[in-house]
Amino acid sequence: MSKYTPEHDSFPLADQSDEKPLDGITVIDAGNLVASPVATGLLADFGADVIKLEHPKYGDGLRQLAPHKDEVPLWWKVTDRNKRCVTLDLSSPEGATVFKDLVAEADVVTENYRPGTMERWGVGYDDLKEVNEGIVMLHISGFGQTGPYSDRPGFGRIAGAMSGMTNLIGESDGPPMTPGYPLADGVSGVFGALGVMVALYYRDLNGGVGQEIDLALFESLFRLLESNPIEYDQLQTVPKRNGNTHEYVAPSSTYETADGQYLTMTASTPSIWERLCRAIDREDMLEDPRFEDNAARVKHSDAVNGAVREWVNERTRKEIEAAFDEHDVAYGFAYDMEDIFNDPHYQQRGSMVRVPDEELGEAVVQDVVPRFSESPGSVDHLGPRMGEHNDEVYGDELGYPETRLEELREAGII
């Protein structure tokens with residue numbers, strides 16, 4: 001097997017940005033696995049100095065999750081890129097003391113343990129505020145810091161189910177489906193980074209103070225449902241899963257091509273509907289009263305989707321691309337990762353970049369999102385080894401003498 005995928009060199013080497021917008025912000029990531037590390041990873045991409053804490057014996061749980069290459073954790077390499085990594089047993093009294101020393105010089109702390117855990121270790125918000133009154137503390141948990149479910153353990157799959165999102169995925173006559181990625185954790189990471197930035201803006205530009213942020217996994221996904229709550233409140237209707245069709249737009253579905261590809265498209269505006277009819281040589285549908293507007297097409301969804309499906313089933317992907325491009329139809333194909341690596345748009349935009357790494361040599365990963373014209377972020381390095389920055393952070397920056405570092409190592413604190 002080759003060292004890298006054949007398309008590896010199709011992507012540019014990552015450029016390191018010299019003027020990142022979050023330079024000067026220090027974040028202590030005391031979280032584990034996905035949600036908190038995703039939030040801090042987004043901040044690190046734009047220059048925040050993120051110090052990632054791991055248990056000195058067990059490490060972060062993400063190191064144990066597949067996939068691995070030669071025992072190197074690949075998921076870890078992406079989620080914890082651009083961070084400095086130190087080890088610390090936060091549950092011990094001495095570890096809590098060290099943690100407070102870190103927090104005294106920081107702007108933000110993030111964690112995603114069950115509510116009450118940080119308080120039990122003596123490093124809750126009230127404890128940290130005593131050493132740094134301006135600290136912003138982000139809590140991410142399955143069900144939030146309050147409410148009857150707050151003490152329950154919570155994970156992305158569970159949050160997806162209870163948010164209402166899972167019940168919208170799948171065929172109408174089949175069971176609810178869960179995405180193949182912990183979507184609630186990823187979305188909560190984005191909301192977490194947003195929350196941190198809003199809190200810093202309030203503190204630093206609006207004359208405010210530090211504060212706690214309470215973010216629940218289920219509420220992050222629930223917020224994305226947009227119209228579903230108001231629809232139930234005002235119309236007493238409960239949105240249901242519809243497979244690949246759409247409850248409010250037709251035609252809109254996923255269709256299999258003659259060469260086994262899956263096309264997805266939607267004709268959500270009159271102009272796209274007209275262009276679609278011309279592309280599939282069915283201009284007669286423009287005169288059919290059953291399809292005169294979107295509401296009528298939704299009512300006759302089976303017929304209109306059936307007409308598109310019949311045309312797609314008889315043609316290859318290349319034939320469909322030619323026809324749809326000629327008529328300016330909005331469409332896409334359901335990509336797998338091989339498709340993505342070979343797609344010229346991904347390649348020319350540099351949506352992924354090659355990053356040098358001591359353990360892997362190089363690795364292709366997603367570039368920073370979004371793109372800034374004046375102060376872009378960058379991928380400077382991938383996830384470090386456990387404790388790689390212990391001496392730098394504890395010795396050089398906190399000023400711990402070597403004797404104390406050795407004591408902490410021998411006691412299993414770092």
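Per-structure values
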{"read-out": "Condition check for PHE99: of a type in the set (Phe, Trp, Tyr), touching a residue at least 24 places away in the same chain (Cβ under 8 Å), in the same structural domain as VAL187 (by TED's automatic domain parsing) and outside any loop (DSSP other than H, G, I, E, B)", "value": "yes"}
{"read-out": "Number of positions in the range 16-44 that are modelled with pLDDT of 95 or more and over 23 Å from SER141 (Cα atoms)", "value": "6"}
{"read-out": "Tabulated pairs, the range 280-292, first on the phi > 0 side of the Ramachandran plot, second part of a helix (DSSP H, G or I) and at pLDDT 95 or above, C-beta under 8 angstrom, 6+ apart or interchain", "value": "ASP281/TRP311"}
{"read-out": "Residue count, the range 227-261 (criterion: under 25 Å from GLU319 (Cβ atoms) and of a type in the set (D, E, K, R))", "value": "2"}
{"read-out": "Near pairs, Cβ below 7 angstrom, 6+ apart or cross-chain, from the range 150-163 (touching a residue at least 12 places away in the same chain (Cβ under 8 Å)) to any residue that is loosely packed, with under 15 Cβ neighbours inside 10 Å", "value": "none"}
{"read-out": "Every pair of residues 6+ apart whose Cβ atoms lie under 9 Å, when the first sits in the range 304-324 and is outside any helix (DSSP H, G or I) while the second is surrounded by fewer than 17 Cβ atoms within 10 Å (Cβ to Cβ) and not basic (Lys, Arg)", "value": "GLU314/ALA258; ARG315/ALA258; ARG315/ASP259; THR316/ALA258; THR316/ASP259"}
{"read-out": "Tally of residues being without any contact (Cβ under 8 Å) to a residue 60 or more places away in the chain and acidic (Asp, Glu) across the range 166-182", "value": "1"}
{"read-out": "Test result for ARG404, surrounded by 13 or more Cβ atoms within 10 Å (Cβ to Cβ) and charged (D, E, K, R)", "value": "yes"}
{"read-out": "Condition check for ARG203: surrounded by fewer than 21 Cβ atoms within 10 Å (Cβ to Cβ), basic (Lys, Arg) and touching a residue at least 40 places away in the same chain (Cβ under 8 Å)", "value": "yes"}
{"read-out": "Residue tally, condition surrounded by fewer than 16 Cβ atoms within 10 Å (Cβ to Cβ), among the aliphatic types (A, V, I, L, M) and closer than 23 Å to ALA106 by Cβ, over the range 356-397", "value": "0"}
{"read-out": "Residue among ALA184, ALA159 that is surrounded by 13 or more Cβ atoms within 10 Å (Cβ to Cβ), under 19 Å from LEU33 (Cα atoms), in contact with a strand residue (DSSP E or B) (Cβ under 8 Å, 6 or more places away or on another chain) and among the aliphatic types (A, V, I, L, M)", "value": "ALA159"}
{"read-out": "Evaluation of SER172 against (1) part of a loop (DSSP other than H, G, I, E, B); (2) within 30 Å of VAL353 (Cβ to Cβ); (3) of a type in the set (S, T, N, Q) (one fails), failing number", "value": "(2)"}
{"read-out": "Only listed residue being touching a Lys or Arg at 6+ places or on another chain (Cβ under 7 Å) and closer than 30 Å to SER271 by Cβ, chosen from ASP343, ASP328", "value": "ASP328"}
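Per-residue answers, yes or no, for (1) at pLDDT 95 or above; (2) surrounded by fewer than 20 Cβ atoms within 10 Å (Cβ to Cβ); (3) in contact with a strand residue (DSSP E or B) (Cβ under 6 Å, 6 or more places away or on another chain); (4) in a loop (DSSP other than H, G, I, E, B):
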residue	(1), (2), (3), (4)
LEU194	yes, yes, no, no
MET197	yes, yes, no, no
GLY208	no, yes, no, yes
SER220	yes, no, no, no
GLN234	yes, yes, no, no
GLY243	no, yes, no, yes
TYR248	no, yes, no, yes
ASP259	yes, yes, no, yes
LEU263	yes, no, yes, no
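The values are calculated or read from the model by the stated rules, or taken from the named source; none is laboratory data. Please read all numbers here as calculations on a predicted model, not as lab measurements. Quick reminder, even Gly has a Cβ in these numbers, built from the backbone with ideal geometry, and neighbours come from all protein chains shown.
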